[in-house]
Each structure stands twice: as structure tokens, then as C-alpha cells.
Amino acid sequence: MRKAVALRYNPRRNEAPQVVASGYGPLAEKIIQIARESKVPLFENKDLVRALLAIPVGEEIPPELYEVVAQVLVFVYGLDQQNTSSKGSQRDS
């Protein structure tokens, strides 16, 4: 069965990333579909998803998940940087 968790991190509002959606099966498919349509990067990690599914929607992640979620955020930040630089080079040409 497919599983998905969506996180949001706003350092001005939260001390840690917050679970904003989570679910199994059709709900997980909907979360993934919305992420794709919104051009939100997807990151697959079965162990992390399993741990995050235990956190209620609206809650911040616990400290024991900070390191692994930080790795995900670094991955996403890198994608954002690539997209920004490729858009800039397209404008320059």
C-alpha cells in the first residue's frame, strides 16, 4: 500500500518541520498528485515515511528526526537552486 507524508518548514513560524498531510492508499496517491501538480519535489524514504506517519497532522517533527529530515531539506534546497540557476540561464540566452 502506498504511503505519503507532506512536510512544511517555515523557520519564522516553526522550530521544526511540520506534518501538513499524511495518509495511505488513495489518500497517499492524492498527496503525491497534489505535490506533482504544485511542482513540489518528491523524496522517497520508506523508513522516514513510516516514522512520520506516526506524527499527527499539524504537529512538528520530533528532535530524533531532525537529522534525516534535514537531509531531505538539503536535497530540496539543491533542486530549488538548480531550477533557479537554469531559469536564470534561460533568461540570459
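We did not get these values from a lab; they are worked out from the coordinates using the rules stated. What you see is a predicted model; the values in this text were computed from it and never measured. Quick reminder, even Gly has a Cβ in these numbers, built from the backbone with ideal geometry, and neighbours come from all protein chains shown.
How would the range 41-85 be classified by its alpha-carbon gyration tensor: rounded, prolate or oblate, with rounded meaning a/c under 1.5 and the a/b versus b/c comparison settling the rest?
Numbers: a/c = 2.30, a/b = 2.15, b/c = 1.07.
Because a/c hits 1.5 or more and a/b exceeds b/c, the range 41-85 counts as prolate.
Measure off 7 Å from each Cα along the Cα-to-Cβ vector at LEU42 and GLN81, then give the distance between these two points in nanometres to one decimal.
2.5
Report the local net charge at GLU44: Lys and Arg +1, Asp and Glu -1, summed over other residues whose C-beta lies under 15 Å from its C-beta.
On the way: positive: ARG2, LYS3, ARG36, LYS46, ARG50; negative: GLU29, ASP47.
With Lys, Arg at +1 and Asp, Glu at -1, the net is +3.
Using P(r) over Cα pairs in 5 Å bins from 0, in percent as the read-out, say which of [x] 3, 12, 21, 24, 18, 10, 6, 4, 2, 0; [y] 3, 11, 18, 22, 22, 16, 6, 2, 1; [z] 3, 13, 23, 25, 21, 10, 4, 2, 0, 0 was calculated from these coordinates.
Label of the calculated value: [x].
Taking a label point 7 Å from the Cα of ALA54 along the Cα→Cβ vector, which residues of the range 1-41 have an amide N closer than 13 Å to it?
Output list for this probe position: empty.
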